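Q: Here it is: the structure, laid out below.
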Amino acid sequence: MRFAIRPFADSDYPALCAIIADVFDQLFTPESLRDEEARRDPKCRHEAWVAEVDGQVVAFADFNQWIGAYHPRKFSVMVAVLPAYRRQGIGGALYNRLREALAPTDPIALSCDAKESRPESIRFLERRGFAEKMRSWESRLDLTAFDPSAFAATVDAAGARGYEFLPLTAVRDLPDYARQIYKMLSVARRDVPTVQAQTEIPFEQWIKSLSRPHLLRLSLSGNQRRTTKRFCMHETWRSERGHATDQQGKTKHLGLQALFCLGVPVEMPGFVEPPRLWGFVLSLN
């Protein structure tokens, strides 16, 4: 099969969304991907390519870095090919292209995500020297089938103990709320299991995350009765798959994914520490 590899262009975002949906079962909009790219820390390197067959984008590859685990010679990579075009040398050619682009940096480690349900992806990585280092499990909630009444007693019991569950907007008037949340996250993430050493995320970079378009709600919980001043954060993310409209044409969000909560001591008045949960998967060569 004849194919052509070229640098990724802004007009390729719709095709990239389709590839990610097919390969990773994750749905994004072009706007959300553009937004994530715009929030990238300037010192984190990123370069991407696509492969075309008869003018159709059928595969994507990139390397990037994240400011929260930054090392100038460590990179995350991704190679994704539509099923109908696999085993044609396209994925291998894209991987070779990104390795050539990385050569001047003399990389010491590459990482890549792979789904257990896609053994062909795992084999592709293993043939290129990757080995499994960590696993994680994603939680998704189908709101069309969810019955919140089953948890009403639990919520009432928490309220009786003095806990409150509040949207982020309810604490915006508290002194220096954004820096308090930032301080909490900076401490909480230190003991999150990871195969790469964590690095500090500058406040100026982190604050951009509070306005992410696919972040539906950020909730806080606390106990007003204790003197310990702690709180937790819980993020709810929108699944682009879960969209429907009501009779008035208003969009409803029918799916949630990637839920986590963290808790550590901070100086914000009237909050206490809940359990902590956070996970992700990484494969490293």
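Q: Filter the stretch 1-30 down to residues that are assigned to a loop (DSSP other than H, G, I, E, B) and among the charged types (D, E, K, R) and give me whichever is surrounded by the most Cβ atoms within 10 Å (Cβ to Cβ). Full working, then the answer.
A: As a first pass, look at the stretch 1-30 and keep what is assigned to a loop (DSSP other than H, G, I, E, B): 1-3, 8-9, 25-29.
Subset that is among the charged types (D, E, K, R): 2, 25.
On the way: Arg2: 7, Asp25: 12.
Among those residues, the one meeting the criterion is Asp25.
Q: Can you find even one residue in the stretch 69-85 that is part of a loop (DSSP other than H, G, I, E, B), crowded, with 17+ Cβ neighbours inside 10 Å, among the polar types (S, T, N, Q) and in contact (Cβ under 8 Å) with a residue 24 or more places away in the chain? I'd like the intermediate steps shown before the answer.
A: Quick first cut of the stretch 69-85, residues part of a loop (DSSP other than H, G, I, E, B) only: 70-73, 82.
Adding the requirement that they be crowded, with 17+ Cβ neighbours inside 10 Å leaves 70, 82.
Add one more test, that the residue is among the polar types (S, T, N, Q), and what stays is none.
No, there is no match, as no residue in the stretch 69-85 is part of a loop (DSSP other than H, G, I, E, B), crowded, with 17+ Cβ neighbours inside 10 Å, among the polar types (S, T, N, Q) and in contact (Cβ under 8 Å) with a residue 24 or more places away in the chain.
Q: For the stretch 118-150, give me each residue that is surrounded by 10 or more Cβ atoms within 10 Å (Cβ to Cβ), part of a loop (DSSP other than H, G, I, E, B) and within 20 Å of the chain's Cα centre (by Cα).
A: Arg118, Arg135, Ser136, Glu138, Ser139 - these are the residues of the stretch 118-150 that are surrounded by 10 or more Cβ atoms within 10 Å (Cβ to Cβ), part of a loop (DSSP other than H, G, I, E, B) and within 20 Å of the chain's Cα centre (by Cα).
Q: Okay, moving on. Residue check: is Tyr85 over 26 Å from the mean Cα position of the chain (by Cα), among the aromatic types (Phe, Trp, Tyr) and not assigned by TED's automatic domain parsing to the domain that holds Gln198? Let's see the steps before the verdict.
A: Details: over 26 Å from the mean Cα position of the chain (by Cα): yes; among the aromatic types (Phe, Trp, Tyr): yes; not assigned by TED's automatic domain parsing to the domain that holds Gln198: yes.
When the stated conditions are applied, Tyr85 passes them.
Q: For the stretch 19-52, give me the residue count where each residue is small (Gly, Ala, Ser) and modelled with pLDDT of 95 or more.
A: Within the stretch 19-52, the first condition is being small (Gly, Ala, Ser), and the residues that meet it are 21, 32, 38, 48, 51.
Remaining after also requiring modelled with pLDDT of 95 or more: 48, 51.
Total meeting the criteria: 2.
Q: Looking at Gln88, is it surrounded by 17 or more Cβ atoms within 10 Å (Cβ to Cβ), in contact with a Lys or Arg (Cβ under 9 Å, 6 or more places away or on another chain) and of a type in the set (S, T, N, Q)?
A: Working: surrounded by 17 or more Cβ atoms within 10 Å (Cβ to Cβ): yes; in contact with a Lys or Arg (Cβ under 9 Å, 6 or more places away or on another chain): no; of a type in the set (S, T, N, Q): yes.
No; evaluated as a whole, the condition is false for this residue.
Q: Six or more apart or on different chains, Cβ under 6 Å: which pairs go from a residue in the stretch 1-15 that's closer than 12 Å to Val53 by Cβ to one that's of a type in the set (D, E, K, R) and crowded, with 17+ Cβ neighbours inside 10 Å? Could you list them?
A: Ala4/Glu52; Ile5/Arg97
Q: Additional query: With respect to Ala93, determine if the residue is part of a strand (DSSP E or B), modelled with pLDDT of 95 or more, among the aliphatic types (A, V, I, L, M) and touching a Phe, Trp or Tyr at 6+ places or on another chain (Cβ under 9 Å).
A: Working: part of a strand (DSSP E or B): no; modelled with pLDDT of 95 or more: yes; among the aliphatic types (A, V, I, L, M): yes; touching a Phe, Trp or Tyr at 6+ places or on another chain (Cβ under 9 Å): yes.
When the stated conditions are applied, Ala93 does not pass them.
Q: Just checking, how many residues over the stretch 31-45 are assigned to a helix (DSSP H, G or I) and farther than 30 Å from Pro119 by Cβ?
A: Quick first cut of the stretch 31-45, residues assigned to a helix (DSSP H, G or I) only: 31-38.
This time we only want the ones that are farther than 30 Å from Pro119 by Cβ, so: 31, 34-35, 37-38.
Looking only at that region, the number is 5.
Q: How many residues are of a type in the set (A, V, I, L, M, F, W, C) and either loosely packed, with under 15 Cβ neighbours inside 10 Å or outside any helix (DSSP H, G or I) (or both) when one looks only at the stretch 162-215?
A: Qualifying residue count, the stretch 162-215: 13.
Q: Further, regarding this structure: In the stretch 101-115, what residues are buried (at least 17 other Cβ atoms within 10 Å of the Cβ), more than 18 Å from the chain's Cα centre (by Cα) and not aliphatic (A, V, I, L, M)?
A: Pro107
Q: Which residue out of Glu100, Glu116, Glu126, Glu138 is closer than 25 Å to Glu37 by Cα and free of Cβ contacts under 8 Å to residues at least 24 places away in the same chain? Walk me through how you get there before you give the answer.
A: Details: Glu116 fails: closer than 25 Å to Glu37 by Cα; Glu126 fails: closer than 25 Å to Glu37 by Cα; Glu138 fails: free of Cβ contacts under 8 Å to residues at least 24 places away in the same chain.
The conditions single out Glu100.
Q: Something else about it: For the structure I just gave you, tell me whether Phe63 is crowded, with 18+ Cβ neighbours inside 10 Å, in the same structural domain as Asp12 (by TED's automatic domain parsing), in contact with a His (Cβ under 8 Å, 6 or more places away or on another chain) and of a type in the set (Phe, Trp, Tyr).
A: Working: crowded, with 18+ Cβ neighbours inside 10 Å: yes; in the same structural domain as Asp12 (by TED's automatic domain parsing): yes; in contact with a His (Cβ under 8 Å, 6 or more places away or on another chain): yes; of a type in the set (Phe, Trp, Tyr): yes.
Considered against the rule, which asks whether it is crowded, with 18+ Cβ neighbours inside 10 Å, in the same structural domain as Asp12 (by TED's automatic domain parsing), in contact with a His (Cβ under 8 Å, 6 or more places away or on another chain) and of a type in the set (Phe, Trp, Tyr), Phe63 comes out as yes.
The values are calculated or read from the model by the stated rules, or taken from the named source; none is laboratory data. The structure presented is a predicted model; accordingly, all values stated were derived computationally and were not measured. Positions of Cβ are generated from backbone atoms using ideal geometry, with glycine treated the same way; all protein chains shown enter the neighbour counts.
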